[in-house]
Amino acid sequence: MMMNRKHRDTLRFISRFHHHQQQNQFSQFTSVTGFHENSPQLQRNVVPGENKGFSFFNPLRNSLKNEELGGGNTFGVHQKCYYGSMVGVVQRSNRFSELNDDDVKYFQEILGRKNVVQDEDKLSAANVDWMHKYKGASKILLQPCNTDQVSEILKYCNSRNLAVVPQGGNTGLVGGSVPVFDEVIVSLSSMNKIISFDKVSGILVCEAGCILENLMSFLDNEGFIMPLDLGAKGSCQIGGNVSTNAGGLRLVRYGSLHGSVLGVEAVLANGTVLDMLKTLRKDNTGYDLKHLFIGSEGSLGIVTKVSILTPPKLSSVNVALLACKDYSSCQKLLQEAKRKLGEILSAFEFLDSQSMDLVTSHLDGARNPFPDSQHDFYVLIETTGSDESSDKQKLEAFLLGSMENELIADGVLAQDINQASTFWNIREGISEALMKAGAVYKYDLSIPLENLYTVVEEMRSRLGDAANVIGYGHLGDGNLHLNVSVPQYDGKILAQIEPFVYEWTSKHRGSISAEHGMGLMKANEIFYSQSRETVQVMSSIKSLMDPNHILNPYKVLPHSITS
């Protein structure tokens, strides 16, 4: 049977790399050999919290800004301006009381002295986000050990009109987990117990302070996995994940936490404990209130326990890093992956050439698997299944077809777990590389796929040589991470970025927050993605559940509404 020219070229392409597979670090489409998840766990966790020594936040400069605005120094708790963000001037609400000695004494009585932290060094770490961009001035950090203590704290704070900010791993990117002024910090870190796990249903019940990576390790030993995987898994906590509706790398396979979380326990502002910690897949008895706490960033209540459905761990995993000539090829490749790989597709990530260059320039040991050629786009595909032979056949057919259709310009298939980890480290190392490159403006957008990369190109045209604009993210679920890297924060550059990026996203029917939340950074920009009527209903819900607005003030909703 005659082969067409493309088929012959494809076979030569495979044969060429098969001949050299013993000489190259990366085997290129040689044999589609998977590896097993019962091998040592992939080390693909770039933990933001480990980079706290690299600061972009300039306390002196911020202080000077406050003085120019008449707000005194950073700890004046009257008004604040954030450098490197268009948050603008934030006024401290006069409805809130200030902490006094009697308050401290009460907290010590219910928590014990060791769980009431006033040490300046410890407070300093809790007052600033990991990017060192948002900084508060809280004078106290509370560490409750159980739900009853959280209830007592909130009941008291509500009676005293003391503002509260819940805090988990503090790995957020929008200023949602740190104080704006002198709010009482309530850390859930001590509430880190696994309560139960059902091996038949795969349902895990745990406290909110459990670190995501610890849960992953526990489940790995039980033959299951978390439906959520993040670069910050070594620091972030499940309560914070739920409260921000974190997306991550597996959303294309397992969906959002609105589908995985079966129940929560949450404490309202007045101390009322809502026990919605059910382990049922089906429950249509009235309103499903748990969804109010998934993604509300601690503004409606503090999540203290979580019930979550976890998938079984599957034995066959493959990871490939592919090069594409343009964004259109990436889109078509995604379409083909969904059709040809179907249920075994577990991740579909993309990055542009600027992202690859940034990683290889700033991270030790990182190198481009395609050193002899330049490509505009790269796609990382992961498949996870239970039948290694069948998975191989599917992946081989997909790769061959994609090459014949010229969707792939080059490709590297991981031959073992170390190579797979290397590929993932390229993708997950982008955030760390950005930190090392200088200051960075970060935007987390959901955009219809056909227009997803256009905003990156338009941003480059606007900024020219003044900034390095990069785009990467979760192409499988339409989530773009747009990053503008500059030597240092510059008000003129920021004025070119905002509000343009929000206006562009709104015009194309996108969302200005895909998975990072609104926090302080985007609270005033919510109208770009939500109608005024919708926001008004949100405000009514906030006022119903937190009449004194003590929970995570200045976040999520516009300041004009919440104040």
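Looking at E382, E404, which is the one that is under 27 Å from the mean Cα position of the chain (by Cα), closer than 25 Å to I344 by Cβ, of a type in the set (D, E) and open to solvent by less than 60 Å² (accessible area, probe 1.4 Å)?
The unique qualifying residue is E382.
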Taking the range 246-261 and keeping only residues that are among the polar types (S, T, N, Q) and either open to solvent by less than 30 Å² (accessible area, probe 1.4 Å) or in contact with a helix residue (DSSP H, G or I) (Cβ under 8 Å, 6 or more places away or on another chain) (or both), one is left with S260
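For (1) charged (D, E, K, R); (2) without any contact (Cβ under 8 Å) to a residue 40 or more places away in the chain; (3) surrounded by 19 or more Cβ atoms within 10 Å (Cβ to Cβ), each residue gets a yes or a no:
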residue: Q108; (1), (2), (3): no, yes, no
residue: K114; (1), (2), (3): yes, yes, no
residue: D119; (1), (2), (3): yes, yes, no
residue: V128; (1), (2), (3): no, no, yes
residue: H132; (1), (2), (3): no, no, no
residue: L142; (1), (2), (3): no, no, yes
residue: T147; (1), (2), (3): no, no, yes
residue: S151; (1), (2), (3): no, no, yes
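Let me confirm something: among L351, L407, which residue is closer than 30 Å to H516 by Cα, in contact with a helix residue (DSSP H, G or I) (Cβ under 9 Å, 6 or more places away or on another chain) and modelled with pLDDT of 95 or more?
Details: L407 fails: closer than 30 Å to H516 by Cα.
The match here is L351.
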Mind checking which residues of the range 282-315 are crowded, with 21+ Cβ neighbours inside 10 Å and in a strand (DSSP E or B)?
I302, V303, T304, K305, V306, S307, I308
If a residue has to be over 22 Å from the mean Cα position of the chain (by Cα) and closer than 16 Å to T454 by Cβ to count, how many in the range 505-546 make the cut?
2
Residue that is farthest from A366 (Cα to Cα), among those in the range 420-477 that are out of contact with any helix residue (DSSP H, G or I) (no Cβ under 6 Å at 6 or more places or on another chain) and of a type in the set (K, R):
R460
Cβ contacts < 8 Å: first residue farther than 24 Å from D326 by Cα, restricted to the range 391-420; second residue part of a helix (DSSP H, G or I), any location; separation 6+ or different chain. Result?
D391/I344; K394/K340; K394/G342; K394/I344
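Assess whether G429 counts as being small (G, A, S) and surrounded by fewer than 21 Cβ atoms within 10 Å (Cβ to Cβ).
On the way: small (G, A, S): yes; surrounded by fewer than 21 Cβ atoms within 10 Å (Cβ to Cβ): no.
Against the criterion (small (G, A, S) and surrounded by fewer than 21 Cβ atoms within 10 Å (Cβ to Cβ)), G429 does not qualify.
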Scan the range 153-199 for residues that are touching a helix residue (DSSP H, G or I) at 6+ places or on another chain (Cβ under 8 Å), at pLDDT 95 or above, open to solvent by less than 40 Å² (accessible area, probe 1.4 Å) and of a type in the set (V, I, T) and report the count.
6
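Anything in the range 499-518 that is open to solvent by less than 30 Å² (accessible area, probe 1.4 Å), at negative phi and among the small types (G, A, S)? List them, or say none. If you could, list the steps in order and put the result at the bottom.
Here is the first cut: in the range 499-518, the residues open to solvent by less than 30 Å² (accessible area, probe 1.4 Å) are 501-502, 504-505, 510, 512-513, 515, 517-518.
Then drop every residue that is not at negative phi, which leaves 501-502, 504-505, 510, 512-513, 515, 518.
Once the filter is applied, which keeps residues that are open to solvent by less than 30 Å² (accessible area, probe 1.4 Å), at negative phi and among the small types (G, A, S), the range 499-518 yields G510, S513.
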Just to be sure, is K522 in contact with a helix residue (DSSP H, G or I) (Cβ under 7 Å, 6 or more places away or on another chain), open to solvent by less than 50 Å² (accessible area, probe 1.4 Å), closer than 25 Å to G239 by Cβ and of a type outside the set (A, V, I, L, M, F, W, C)?
no
Go through E349, E343 for me and flag whichever is open to solvent by 20 Å² or more (accessible area, probe 1.4 Å), in contact (Cβ under 8 Å) with a residue 24 or more places away in the chain and among the acidic types (D, E).
E343
Residue list for the range 200-245, restricted to those being assigned to a strand (DSSP E or B) and surrounded by fewer than 22 Cβ atoms within 10 Å (Cβ to Cβ)
I203, V205, I211, F224
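Just checking, does the range 308-326 include any residue being of a type in the set (D, E, K, R), touching a residue at least 12 places away in the same chain (Cβ under 8 Å) and under 30 Å from N146 (Cβ atoms)?
Step one: of the range 308-326, the residues of a type in the set (D, E, K, R) are 313, 325-326.
Checking which are touching a residue at least 12 places away in the same chain (Cβ under 8 Å) leaves us with 313, 325-326.
Now restrict to residues that are under 30 Å from N146 (Cβ atoms): none.
Taking every residue of the range 308-326 in turn, none turns out to be of a type in the set (D, E, K, R), touching a residue at least 12 places away in the same chain (Cβ under 8 Å) and under 30 Å from N146 (Cβ atoms).
The values are calculated or read from the model by the stated rules, or taken from the named source; none is laboratory data. Note that the structure is a prediction, hence the values are computed from the model and not measured. No Cβ is skipped: glycine too gets one built from the backbone with ideal geometry, and neighbour counts run over all protein chains shown. The accessibility values were calculated without ligands, DNA or RNA, using every heavy atom of the protein model including side chains. Shrake-Rupley method; radii C 1.70, N 1.55, O 1.52, S 1.80 Å.
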